[in-house]
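For reference, the structure is listed below as structure tokens.
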Amino acid sequence: RLGVSLQACLLQIVGYRNLIAEVEKLRREPYDSENPQHEEMLLKLWKCLKPNSPLKARISKQWCEIGFQGDDPKTDFRGMGLLGLYNLVYFAEWDTEIAQQVLSDSLQPKYSYSFAIVGINITDLAYNLLVSGALKTHFYNVAPEAPTLTQFQQTFC
């Protein structure tokens, strides 16, 4: 029984380190507008958040409607790379209704914040908590084995 418990603990410890490596790889990978997968993810984000408002062009002021700073969102991902986009898309797909409500709230004068930029900043916070080890206890409690990228994204949400 001790051996089983020890093995589970080691899986979690090694898994946490592997999760850091996976998250770091995504963070370091820049958004590439020439990569069809990157473009597809970005368009998926738009479709999840604004299903009744077709995007007129890939480079468009419409991106400001979901909280990007300019007409080309790729420039806003520079600090968090693909990790920022992955987390935004995960939130928009995982709980579309809540994501749309948060976006709607962000546009209210009472709150007035840039949804996408705040999402990227929260990604930065979650990343730093992960790398510093502050999320170890959380992941050791929610992941019976090795923590996954999905569990990291749920922490983001």
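Taken together, the values in this text are just the output of simple stated rules run on the coordinates, not laboratory data. In this text, all values refer to a predicted model and were calculated from it rather than measured experimentally. A quick note on method: Cβ atoms are made from the backbone with ideal geometry, for glycine too, and the neighbour counts reach across all protein chains shown.
Match the structure shown to one of the listed values [x] 40, 39, 30; [y] 60, 36, 24; [z] 52, 29, 27 of Cα extents along the principal axes in Å, computed from it, and give that label.
[y]
Treating the angle as unsigned and between 0 and 90°, give the value, to the nearest 10°, between the Cα long axis of helix 36-49 and the longest Cα principal axis of the chain.
70
With a cut-off of 8 Å between alpha carbons and a minimum separation of six or more residues, what is the relative contact order of the stretch 2-156 in percent?
32
Could you work out how far helix 115-132 tilts from the main Cα principal axis of the chain, as a 0 to 90 degree angle to the nearest 10?
Once rounded, the angle reads 20 degrees.
Please give the helix 81-94 orientation as an angle from the longest Cα principal axis of the chain, in degrees from 0 to 90, rounded to the nearest 10.
Its long axis makes an angle of about 90 degrees.
Can you tell which of L55, L130, L85 shows the greatest fluctuation in a Gaussian network model of the chain with Cα springs below 10 Å?
Of L55, L130, L85, the most mobile in the Gaussian network model is L55.
Rank these for me by crowding, I122, I13, going from fewest to most other beta carbons within 10 Å. Provide the component values of the computation, followed by the final result.
On the way: I122 18, I13 13.
Least to most surrounded, the residues fall as I13, I122.
Could you work out the local net charge near P30, counting Lys and Arg as +1, Asp and Glu as -1, over the other residues with Cβ closer than 15 Å to its Cβ?
Local net charge: -2.
For I20, what charge total do you get from the other residues with a beta carbon under 11 Å from its beta carbon, if Lys and Arg give +1 and Asp and Glu give -1?
+2
Work through the residues other than L83 whose Cβ is under 15 Å from its Cβ and net out their charges, Lys, Arg +1 and Asp, Glu -1.
-1
If you place +1 on the Cβ of every Lys and Arg, -1 on the Cβ of every Asp and Glu, and leave all else neutral, what size is the dipole of the chain about its Cα centre, to the nearest 20 Debye? Display every interim value, and only then the final one.
On the way: 15 positive and 17 negative charges, 47 e Å.
Computed about the Cα centre, the dipole is about 220 debye.
Using only DSSP helix segments of four residues or longer, with each worth -39500 (n - 2.57), what per-residue ellipticity at 222 nm results for the chain after dividing by its residue count and rounding to 500?
Per the formula, -20500 deg cm²/dmol.
What does the extension gain come out to for L125 and T96, with contour length at 0.36 nm per residue minus their alpha carbon separation?
Details: separation 29, 0.36 × 29 = 10.44 nm, distance 2.21 nm.
Roughly 8.2 nm would be gained on extension.
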